[in-house]
Amino acid sequence: MTTTTDPAALLKLAAWLSPSFPVGAFAYSTGLEWAVEDGRVVGRAGLEAWLRTVIENGPPRQDAVLVARTWRAVTRGDRPGLVETAELAAALKGTAELAQETVVQGTAYLRTVRAAWPSVRLDTAVADLAEAGVEPALPVAVGAASAVHGVGLGSTLLLFLHAVAANQVSAAIRLSVIGQTDGQRVTAALEPVILKVATMAEAADPDDLGAATPMLDWCSMRHETQHTRLFRS
């Protein structure tokens, strides 16, 4: 796996994928809230097993490939490739909540990056998507921003997947599945999975898209009508 060694690029990436970056990630659980409500995720071991499966086989794996596709398209100045990837990213979600989650965060991500780290190339990419009538999903936003600001693909994939895992662990803590210390234990246990999926995504064929976590989609659909809930997904 190739990773960037430019300190300035790493600082940008750390800021963009920090929990404090204003994309509203704290408002989403990606179906985890219903899985907890239904007794399908219980305790540290249950959470670790759930997240290991989701990252390795579910939407995060697919999103990592979309990050790589976007990064390469923007790096090459491939407008049709960027638009096609954005269309796929917007379509490849199993439920309405998951589709809304990725588009809302992607739009906020690009808005904030453009405001704090101005780039004509990123403005052009956003304009290309707007002209095509495609809203940017989160992996597209992450890949595009990293490409125009010279952040290496390998580092982008690693921190993107780490941010996905960290947000899920944070959601589990707020749902009282685990405490703070066990949250860090789960995060540490997921490191090999994150490394594996990031390496796969960097080397994958651009068309190697797919997810196989129907239980997550089912939990997301049930969450849409959950009576009492903390999260939007």
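Can you list residue pairs whose Cβ atoms sit under 8 Å apart, with the first residue in the range 189-215 being polar (S, T, N, Q) and the second being at pLDDT below 95? Count only pairs 6 or more apart in sequence or on different chains.
Pairs that qualify, where the first residue is polar (S, T, N, Q) and the partner is at pLDDT below 95, are THR199/MET1.
Considering only residues that are surrounded by fewer than 23 Cβ atoms within 10 Å (Cβ to Cβ) and either of a type in the set (D, E, K, R) or in contact (Cβ under 8 Å) with a residue 40 or more places away in the chain (or both), which ones fall in the range 106-115?
Within the range 106-115, ALA108, ARG111, THR112, ARG114 meet the criteria.
Where in the range 26-106 are there helices (runs of 4 or more DSSP H), lying fully within it, with 1 or more residues that are of a type in the set (Lys, Arg) and over 15 Å from the mean Cα position of the chain (by Cα)?
Here the list reads 43-57, 59-76, 79-91.
Kindly indicate whether any position in the range 152-161 is in contact (Cβ under 8 Å) with a residue 40 or more places away in the chain, open to solvent by 10 Å² or more (accessible area, probe 1.4 Å) and not in a helix (DSSP H, G or I).
Looking through the range 152-161, at least one residue is in contact (Cβ under 8 Å) with a residue 40 or more places away in the chain, open to solvent by 10 Å² or more (accessible area, probe 1.4 Å) and not in a helix (DSSP H, G or I).
Considering only residues of the range 104-119 that are aliphatic (A, V, I, L, M) and out of contact with any helix residue (DSSP H, G or I) (no Cβ under 7 Å at 6 or more places or on another chain), which is farthest from GLY133 (Cα to Cα)?
ALA116
Going through GLU84, GLU56 one at a time, which residue ends up being at pLDDT 95 or above and either more than 17 Å from LEU157 (Cβ to Cβ) or buried (at least 21 other Cβ atoms within 10 Å of the Cβ) (or both)?
Only one candidate qualifies: GLU84.
Tell me which of these THR213 doesn't satisfy, since it passes every other one: (1) within 23 Å of VAL103 (Cβ to Cβ); (2) open to solvent by 20 Å² or more (accessible area, probe 1.4 Å); (3) of a type in the set (Ser, Thr, Tyr).
Answer for THR213: the failing condition is (2).
The values are calculated or read from the model by the stated rules, or taken from the named source; none is laboratory data. Quantities reported herein were computed from a predicted structural model and do not represent experimental measurements. Don't worry about glycine lacking a Cβ; one is built from the backbone with ideal geometry, like all the others, and counts go over all protein chains shown. Just so you know, the surface numbers come from the protein's heavy atoms only, side chains and all, with ligands and any DNA or RNA stripped out. Shrake-Rupley method; radii C 1.70, N 1.55, O 1.52, S 1.80 Å.
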